[in-house]
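Only one structure is covered here, and it is reproduced in the block below.
The values are calculated or read from the model by the stated rules, or taken from the named source; none is laboratory data. Remember, it's a predicted structure, so these values are computed and weren't measured experimentally. Here the Cβ is made from the backbone with ideal geometry for all residues, glycine too, and neighbour counts use every protein chain on show. With ligands, DNA and RNA removed, areas are computed over all heavy atoms of the protein, side chains included. Shrake-Rupley method; radii C 1.70, N 1.55, O 1.52, S 1.80 Å.
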Amino acid sequence: MLSRALAIWQQALQQAGTWTAIVWTAAFSLLLFLVLVLIGAGGIFALITHPVFMNNSPALSYNMARFAGSFLIIDLILLAAGPFLTAAIYGLYGQAVRGKRVSWETFWIMGRRLYGRGWGFILYMILYFLALMIFAGIFVMLLHRIGVIVVLVGLVLSMPWVLRMTGGLFVDQLPWSQSFAASFRSAHYGSLLLGIILTGIVYIFVMGLVFFIIHSLGFVGGILMFVIDLVLSVAGPVWILSLYMADQS
């Protein structure tokens, strides 16, 4: 399975369109930041420039309401933007690991098409961490230090479920309920778990080596580290989805 995943991963990264995620994520984040700054600045300006700013009056209360409304709008925009960005990035990577051609347009196409699945993924992660916290609370309370080890083992053992849920939503584009049910399949669970564990070991080793080398390079090392982070921001998720694709095939 690992050799199959490696072939899928290499094929996906060879597509120039896969790397557009870096550009579009930066552009999307910058645009979102500017919109939020303009809305926030507008609310603050309306409040502090009112002639009765220091007086307790109905007009001041109205401007205070506008100020609070501006930040409510900011919260709603952030709430809506998160699932879109999730769907756009993972949808693009999902197309790439499936061997589909991806381009500059794919990011936005997937963001619109899989927007509901972006919400579904966020809901799943909330439920997952809630379940993990309950699990951790019970075992740590009962077993203390041994409970911490049990929780860490449980976290690792649950990783294939999270990976399959992510792949089901953004690679196979299944409905939430089907992705959730399929995530608990027993077939190839051991191979998938081994792939995830080996990935973690290799990542820790490589990052430790890279940090050791870059730390001695000063400013140049900082720039190099930034570039490596950008590369890993694409190569890492694509590899995880490649594991899913190899598991499915």
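Matching residues to (1) farther than 27 Å from Val153 by Cβ; (2) part of a loop (DSSP other than H, G, I, E, B); (3) free of Cβ contacts under 8 Å to residues at least 60 places away in the same chain:
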site: Thr199; (1), (2), (3): no, no, yes
site: Phe205; (1), (2), (3): no, no, yes
site: Ile213; (1), (2), (3): yes, no, yes
site: Ile223; (1), (2), (3): yes, no, yes
site: Ser233; (1), (2), (3): yes, no, no
site: Met245; (1), (2), (3): no, no, no
- Task: Say whether the condition of being at pLDDT 80 or above and on the phi < 0 side of the Ramachandran plot is met by at least one residue in segment 47-70.
- Result: no
Handout entry: So Ala80, is it in contact with a Ser or Thr (Cβ under 7 Å, 6 or more places away or on another chain) and either modelled with pLDDT of 95 or more or not in a loop (DSSP other than H, G, I, E, B) (or both)
Key = no
In the set Leu36, Leu30, Leu6, the lone residue that is part of a helix (DSSP H, G or I), hydrophobic (A, V, I, L, M, F, W, C) and over 22 Å from Gly82 (Cβ atoms) is Leu6
Note on segment 85-104: residues in contact (Cβ under 8 Å) with a residue 40 or more places away in the chain and part of a helix (DSSP H, G or I) are Leu85, Ala87, Ala88, Ile89, Tyr90, Gly91, Leu92, Tyr93, Gly94, Ala96, Val97
Subset of segment 180-197, residues without any contact (Cβ under 8 Å) to a residue 40 or more places away in the chain and under 20 Å from the mean Cα position of the chain (by Cα), comes to Ser183
Taking segment 206-228 and the residues there that are touching a Leu at 6+ places or on another chain (Cβ under 7 Å) and surrounded by 13 or more Cβ atoms within 10 Å (Cβ to Cβ), the one that is farthest from Lys100 (Cα to Cα) would be Ile214
Taking segment 229-246 and keeping only residues that are open to solvent by 40 Å² or more (accessible area, probe 1.4 Å) and either over 16 Å from the mean Cα position of the chain (by Cα) or within 16 Å of Gln10 (Cβ to Cβ) (or both), one is left with Val231, Leu232, Trp239, Ile240
Of all helices (runs of 4 or more DSSP H) fully inside segment 124-192, the set with 3 or more residues that are open to solvent by 60 Å² or more (accessible area, probe 1.4 Å) is 145-157, 176-182
Note on segment 75-104: residues open to solvent by 80 Å² or more (accessible area, probe 1.4 Å) and within 19 Å of Gln14 (Cβ to Cβ) are Arg98, Lys100, Arg101, Trp104
